[in-house]
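Remarks on the structure that follows.
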Amino acid sequence: MNQSKNHQQLLKLCAAAAMTAIVFAGNYLRVTIPISLGGVTSFTLANILCALSGILLGPWWGFVAAGAGSAFYDTTNPAYVSEAPITLCTKGMYGLIAGLVLYYVFRSVREKYGPQVVAAACAAVAYMVVYSAKVFFYNGMLIQGFTEPVQCWALVVSKLPATLFNGIVAIVGAPILGVAIMKALRAAHLEKMLA
């Protein structure tokens, strides 16, 4: 019995490590554009994978995979390296919230598209709020040295199109992948890899 539990935990650890690597690689799928107030904004597909981490792995392993994969990416890019600890928390929260909503609110129907859309939407909205606060305080006040709130709000607004695009793409894309992967794992009798 104990050996079976250890085996199940090892499967989950391997799935989380694989998902961390996928999130890391997915961060390279981005189009970066400079913005007029300084800095850059990115249209990226990585948020799909952050939400997918929570959908497949549950809240805790989803937090680790989404946060660590994104933070590892930040450490490889000089433009983002100073933000790696912040990214660990904010992107990790993406996986955490998707997992919490799916596994604690929709326990019995978590393999269906609708509940996964709700979980991804909750994660996306929470991330957008936290990311906007980060842009306001960290990027605006600390990095850019803005002293007026209106300047910080202008920076938040300049990043808003990419932020909304990334969130909407995650809300649509993560559940499509989540349903397909869950069905494939069940068919292969590997459902123990799921949370």
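The values are calculated or read from the model by the stated rules, or taken from the named source; none is laboratory data. Computed from a predicted structure; not experimentally measured. Every residue, glycine as well, gets a Cβ built from its backbone with ideal geometry; the counts of neighbours run over all protein chains shown. Side chains are part of the model used for accessible areas, which takes the heavy atoms of the whole protein and leaves out ligands, DNA and RNA. Shrake-Rupley method; radii C 1.70, N 1.55, O 1.52, S 1.80 Å.
Excluding residues on the same chain fewer than 8 positions from residue 192, give the lysines whose Cα lies under 16 Å from its Cα.
Straight-line reach from residue 192, under 16 Å: 5, 12, 183.
Under a Cβ-Cβ cut-off of 15 Å, what is the net charge of the residues other than residue 11 that fall near it, where Lys and Arg count +1 and Asp and Glu count -1?
+3
When only the heavy atoms of the protein chains count and the probe is 1.4 Å, how do 106, 72 rank by accessible area, highest first? Write down the numbers at each step before the final one.
Numbers: 106 50, 72 115 Å².
Ranked list, largest accessible area first: 72, 106.
Grab the alpha carbons of segment 1-110, take their convex hull, and tell me the volume per residue in Å³.
109
Any chance you could give the angle, 0 to 90 degrees and rounded to 10, that helix 149-187 forms with the longest Cα principal axis of the chain?
Taking Cα atoms only, the helix is inclined about 10 degrees.
Take 61, 153 and sort them by solvent-accessible surface of the protein heavy atoms, 1.4 Å probe, largest at the top. The partial results should precede the final answer.
Numbers: 61 80, 153 145 Å².
Result, largest first: 153, 61.
Cβ neighbours within 10 Å, averaged per peptide: list 129-136, 53-60 in order, most packed at the top.
Numbers: 129-136: 17.0, 53-60: 27.4.
Taking the mean over residues of other Cβ atoms within 10 Å, the ranking is 53-60, 129-136.
Within straight cross-link reach of residue 112, meaning Cα distance under 16 Å, which aspartates and glutamates are found once same-chain residues fewer than 8 apart are removed?
Of all the aspartates and glutamates, those that pass the test against residue 112 - Cα under 16 Å, at least 8 places apart if same chain - are 191.
Rank 77, 47, 166 by mean-square fluctuation in a GNM of the chain with C-alpha springs under 10 angstrom and give only the top-ranked residue.
For the chain, modelled as a Gaussian network with Cα springs under 10 Å, the answer is 77.
Enumerate the aspartates and glutamates that residue 91 could reach by cross-link, defined here as Cα to Cα under 20 Å, with residues fewer than 8 away along the same chain left out.
Cα-Cα hits under 20 Å: 74, 83.
Let me test this: with uniform point scatterers at the alpha carbons of the chain, what is the Debye-based log₁₀ I(q)/I(0) at q = 0.13 1/Å?
-0.66
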